[in-house]
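Structure record follows, encoded as structure tokens.
Nothing in this text is a laboratory measurement; each read-out follows from the coordinates by a stated rule. Fair warning: this is a prediction, and the values are worked out from it, not measured in the lab. Positions of Cβ are generated from backbone atoms using ideal geometry, with glycine treated the same way; all protein chains shown enter the neighbour counts.
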Amino acid sequence: MRKPVLAGNWKMNKTRDEAISFVLQVNDKLPKGIDCIVCAPSIILRDVVKRADNLKIGAQNMCEAEKGAYTGEISPLMLKDTNVEYVILGHSERRTMYNETDETVNLKIKKALEVGLKPILCIGETLEEREAAKTEEVLKRQITLDFKGVSFDDPLDVIVAYEPIWAIGTGKSATSAQAEEACGYIRTVLSSIFGPKFAEEIRILYGGSVNTANIGELASQPDIDGGLVGGASLDSGSFLELCHALKTNRKY
Ligand code: 13P
């Protein structure tokens, strides 16, 4: 049985004080038996890591290079040095606003694994692609290119998040059936690349307007191991509710 994951992506939100107060509020109220992760802005990662207890911490992006002339970038070695465990890679906001390609995402995944960070890879289609019935084609292409030449010692070293772009920040979540269909398909593609054992063990999340009202139904789908949550992860009470609801509803 796969351990469920509730990962909050704070995006560009929270000051240092707000982040610390969040961590102190959730620390001793998190459910056991699931991985609760917060991906915080890089400038406050050290403050958050220092205070996190059962909460796991991730970054939201990193450079594919370790060091050098990359003004404004975040080095994977610096993230590692800050003791974060996870790093979101290939988020659609990075792909669309900052021109990240499958090639750069691929380099970042390789580098993250090399330095001992666990990537949370985000993939997903646009509304136009869904309406043109291209969802599976897009997911397959992203998985194939983003994981090209990557080998894993352990399926738990990576998480894949299915985040349809049309559902992010729109209040319009995919239905649990749509999300399950896509996550199941992702598992099938991963099985064809890395083998059935890997595909059975890797955690696959759904992201896109997840909230306290829909997490239960999403989490009760066989191939959805949890959520990658933006807006609803910002409030500590809502984050705790999501974590507990995930644990209660995840039966697979
Ligand atoms: P929302 O939950 O705000 O739709 O954001 C989803 C997301 O992009 C998480 O990475």
| request: May I ask which residue of 237, 10, 69 lies farthest towards the positive end of the charge dipole of the chain, with charges of +1 (Lys, Arg) and -1 (Asp, Glu) on Cβ and the Cα centre as origin? | output: 237
| message | If packing is taken as the average number of other Cβ atoms within 10 Å across a peptide's residues, how do 57-67, 34-44 rank, most packed first? | response | 34-44, 57-67
| Lys, Arg +1 and Asp, Glu -1 on Cβ, resulting dipole of the chain about Cα centre, debye, nearest 20 | 500
| query | Could you give the Stokes-Einstein D for the chain in µm² per second, using the C-alpha Kirkwood radius, 4 °C, 1.567 mPa s? | reply | 72
| remark: In units of 2.2 N^0.38 Å, the Cα radius of gyration of the stretch 85-164 is 1.08
| task | Using the charge dipole of the stretch 116-252 (Lys, Arg: +1 at Cβ; Asp, Glu: -1 at Cβ; taken about the Cα centre), state which of 161, 142, 175 has its Cα farthest towards the positive end. | result | 161
| said: Through the Karplus equation 6.51 cos²θ - 1.76 cosθ + 1.60, θ set to phi - 60°, convert the phi angles of the stretch 57-72 into ³J(HN,Hα) values in whole Hz; use x for Gly and Pro. | reply: 10, x, 9, 10, 5, 7, 7, 7, 9, 7, 6, x, 7, 10, 3, x
| request: Order the peptides 146-152, 200-206, 216-222 from the highest to the lowest mean number of other Cβ atoms within 10 Å of their residues. | output: 200-206, 216-222, 146-152
| Amide H to amide H, which residues 5 or more places from residue 147 or on other chains are under 5 Å from it, using H placed in the peptide plane? | none
| Which ³J(HN,Hα) values in Hz, rounded to whole numbers, follow from the phi angles of the stretch 196-207 under the Karplus curve 6.51 cos²θ - 1.76 cosθ + 1.60, where θ = phi - 60° and Gly and Pro get x? | x, 5, 4, 5, 6, 9, 5, 8, 10, 10, 10, x
| message | Could you give each residue of the stretch 42-56 its phi-based ³J(HN,Hα) in whole Hz, using Karplus coefficients 6.51, -1.76, 1.60 with θ = phi - 60°, and x for Gly or Pro? | response | 4, 5, 10, 4, 4, 5, 6, 4, 4, 9, 6, 10, 7, 6, 9
| query | If eta is 0.890 mPa s and T is 25 °C, what Stokes-Einstein diffusion coefficient results for the stretch 155-252, Kirkwood Rh from Cα pairs, in µm²/s? | reply | 182
| message | I want to make sure I understand the PRE zone here: with the label point 7 angstrom from the Cα of residue 191 toward its beta carbon, which residues in the stretch 1-39 have backbone N atoms less than 16 Å away? | response | 1-2
